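Notes for the one structure printed next.
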Amino acid sequence: MRYEDVDSNQELNQRVTDYVAMGYKVENRTNNYARLVKNDFSWGIFIILLFLLIIGALIYWAVKSGNKDEIIIRVKDNAPTNDSSNVVKYCTECGGVITSEETKFCPNCGESID
């Protein structure tokens with residue numbers, strides 16, 4: 001998972017448009033945040049390997065089927081700061097903002113917060 005910070009909502013919109021053009025899908029989107037995912041599995045390669053070598057196709061499927069390239073783009077104003085009085089954390093699953101230290105679950109996706 002990669003994180004990218006941008007300076008404005010306009011730049012966020014441009015980055016999202018650029019990544020969508022490269023084959024990424026928007027999984028979650030707000031005004032100041034976008035989570036994009038690109039599946040690394042290719043059915044074309046799988047079918048070719050299936051015809052050439054069934055074992056090769058199975059190995060490819062086992063290695064690539066769960067791979068995803070994730071990018072989270074945030075507007076810098078929402079980036080975490082080193083100021084301990086205003087602690088901002090992000091969910092490791094969806095990138096949602098966690099503003100309270102007492103929060104046990106992500107309010108966006110429900111993932112347990114460590």
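The numbers here are math on the coordinates, done by the rules we state, and not lab data. As the structure is a prediction and not an experimental result, all values here were calculated from the model. In this analysis, Cβ positions are derived from the backbone assuming ideal geometry, glycine residues included, and neighbour counts consider all displayed protein chains.
Laid out as a table, the results:
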item	result
Over the chain: helical MRE at 222 nm, DSSP H runs n ≥ 4 each giving -39500 (n - 2.57), nearest 500	-9000 deg cm²/dmol
Efficiency of FRET from Cβ geometry, Asp18 and Phe105, R₀ 30 Å, rounded to 0.05	0.40
Gain on full stretching of the segment that runs from Glu11 to Phe41 - 0.36 nm per residue minus C-alpha separation	7.9 nm
Relative counts (whole %) of C-alpha pair distances in the chain, using bins that are 10 Å wide	13, 33, 27, 17, 8, 2, 0
Charge dipole magnitude, Cβ of K and R +1, D and E -1 - the chain, Cα centre, debye nearest 20	460
